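Worksheet: the structure to be examined is printed underneath.
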Amino acid sequence: MNSVKTYTLEEAKRMLENYCAYQERCHKEVVDKLQKMRMIPEAIDIVVVHLLQHNFLNEERFAKAFVRGKFRMKHWGKQRITLELRRKDISKTIISIALKEIEPAEYLESFHALAEKKAATIKESNPFKKKKKLADFLLYRGWESHLVYDKVNALF
């Protein structure tokens, strides 16, 4: 017999408290998780409100942690970070607040270090292909095009 696990409202609240305590989550991730648990819309609303009231769920805190993590660990630029936050239905206001977590000097320092490190690893004799590979790499990571093209031209 293939039975589907069901959850009481209290079980769902406890599970989602743990889910949010483990790492910062956004509303969309929480709702998706509850939907996968086959919770009805009314129950989803109750659990989300509970998480908000007890500070397990905080969109601004999530966005700030996301920005710091993706910038420091994955070396993403602001454009990629913004795109990924929009995919998580984070508001433009919260995104702009969160992006202030990145110091401008640290941002440029990280960009230059990443570009130079990558440039050193590109095994390509054709200078145009080399430039394209570096530019594509940096643009994919969400660095602003004016920074990318200035750096690519300065390096090659």
Inset, instruction - State the number of residues belonging to segment 131-152 that are assigned to a helix (DSSP H, G or I) and touching a Ser or Thr at 6+ places or on another chain (Cβ under 8 Å). - result: 1
Inset, instruction - Within segment 58-88, track down each residue that is β-branched (Val, Ile, Thr) and surrounded by fewer than 20 Cβ atoms within 10 Å (Cβ to Cβ). - result: Thr82
Inset, instruction - Consider only pairs whose beta carbons are under 8 Å apart and that are at least six residues apart or on different chains; among these, list those whose first residue lies in segment 14-31 and is over 17 Å from Val67 (Cβ atoms) and modelled with pLDDT of 95 or more and whose second residue is surrounded by 13 or more Cβ atoms within 10 Å (Cβ to Cβ) and among the hydroxyl-bearing types (Ser, Thr, Tyr). - result: Met15/Tyr7; Val30/Tyr19
Legend entry - Residues of segment 103-156 satisfying the condition of being surrounded by fewer than 18 Cβ atoms within 10 Å (Cβ to Cβ) and β-branched (Val, Ile, Thr): Thr121, Ile122
Inset, instruction - State which residue pairs qualify: first residue farther than 20 Å from Pro127 by Cβ and of a type in the set (A, V, I, L, M, F, W, C) and inside segment 137-151, second residue at pLDDT 95 or above and outside any helix (DSSP H, G or I) in any location, beta carbons under 6 Å apart, and separation of 6 or more residues or different chains. - result: Trp143/Gly77
Legend entry - Leading residue by the ranking (nearest to the chain's Cα centre (by Cα)) among those in segment 50-98 that are assigned to a helix (DSSP H, G or I) and touching a residue at least 60 places away in the same chain (Cβ under 8 Å): Ile81
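The values are calculated or read from the model by the stated rules, or taken from the named source; none is laboratory data. Since the structure is predicted, the reported quantities are computational estimates derived from the model, not experimental observations. A quick note on method: Cβ atoms are made from the backbone with ideal geometry, for glycine too, and the neighbour counts reach across all protein chains shown.
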